[in-house]
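A short worksheet on the structure shown next.
Each value in this text was obtained by applying a stated rule to the coordinates, not by laboratory testing. As the structure is a prediction and not an experimental result, all values here were calculated from the model. Counting neighbours? That spans all protein chains shown, and the Cβs are built from the backbone with ideal geometry, glycine included.
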Amino acid sequence: MKVTGVTFGLIFLSSLAMAAAPSTTNSTGSGVVQAPSAGTKALTLQELPAHVRHAAEVAFSGLGSSYTFTGAELDLDEVIAIYEIQANTADGRRVEVDIEPNGKIEELEVQIRREEVPAVVLEALSRHSPDMQPAQDEVLFEKSLRPSRSGLLEVWYEFAGKDFDVEIRSDAQQILIEPA
């Protein structure tokens with residue numbers, strides 16, 4: 001069976017529902033890890049709650065490539081803390097999954113090549129951010145899969161800049177620009 005983008009999206013959405021752990025709790029028993037202060041906290045993979053690691057494994061398994069975990073951290077800059085788990089695929093791409101404390105997948109980011117970015121997205125980037133300077137010597141492109149407000153999967157493309165980051169939805173109808 002050939003896996004297409006739509007098929008992957010349906011598999012990813014199913015993974016979102018299956019990976020959520022509705023009865024999870026933290027040490028206070030609340031089920032939510034509140035973000036008490038800004039910043040991030042580095043974690044070992046062994047320090048991740050089992051249901052969070054499971055959700056990451058489900059998300060990464062949908063990539064169609066083997067992967068190796070490379071790191072994890074707890075991002076305390078959000079309204080609720082978010083677990084960010086990083087990995088590398090067998091073909092060298094960096095991937096990251098963001099997971100809420102209850103195990104719900106918030107976003108899956110996959111490093112892609114420029115050739116994989118749709119032309120309509122590149123056109124929107126040059127039209128809205130013509131002077132954008134990349135954050136590094138090498139321009140990094142990421143494809144982001146995330147649930148929309150309606151629960152359906154949306155595809156966004158992310159570009160990291162020196163001064164600001166740009167995110168463009170796959171149809172180029174929505175653009176987010178935020179400080180780097």
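Convert each backbone phi in segment 62-78 into a coupling constant with the Karplus relation 6.51 cos²θ - 1.76 cosθ + 1.60 (shift: θ = phi - 60°), then list the ³J(HN,Hα) values in order as whole Hz, x for Gly and Pro.
Result, ordered by residue: x, 7, x, 9, 6, 9, 10, 4, 10, x, 7, 8, 10, 8, 9, 8, 9 Hz.
How much net charge surrounds Q86 when only other residues with a Cβ under 9 Å from its Cβ are counted (Lys, Arg +1; Asp, Glu -1)?
-2
Residues with beta-carbon under 11 Å from that of E47, excluding E47: net charge, scoring Lys, Arg +1 and Asp, Glu -1?
Result for the local shell: +1.
Got a sec? Charge dipole of segment 113-180, +1 on Cβ for Lys and Arg, -1 for Asp and Glu; which of A124, L152, P179 is way out at the positive end?
Looking along the dipole axis, the top candidate is L152.
Two decimals, Cα atoms only, Kirkwood Rh: what is Rg/Rh over segment 113-180?
0.96
What GluC sites (Glu not before Pro) in segment 113-177 are in a loop by DSSP, with at most 15 other Cβ atoms within 10 Å of the Cβ?
Listed in order of number, the matching sites are E138.
If each of F164 and S126 carries a label point 7 Å out from its Cα toward its Cβ, how far apart are those two points in nm?
Computed distance between label sites F164 and S126 equals 2.0 nm.
Give the distance, in whole Å, between the Cα centre of segment 36-95 and the Cα centre of segment 138-161.
16 Å
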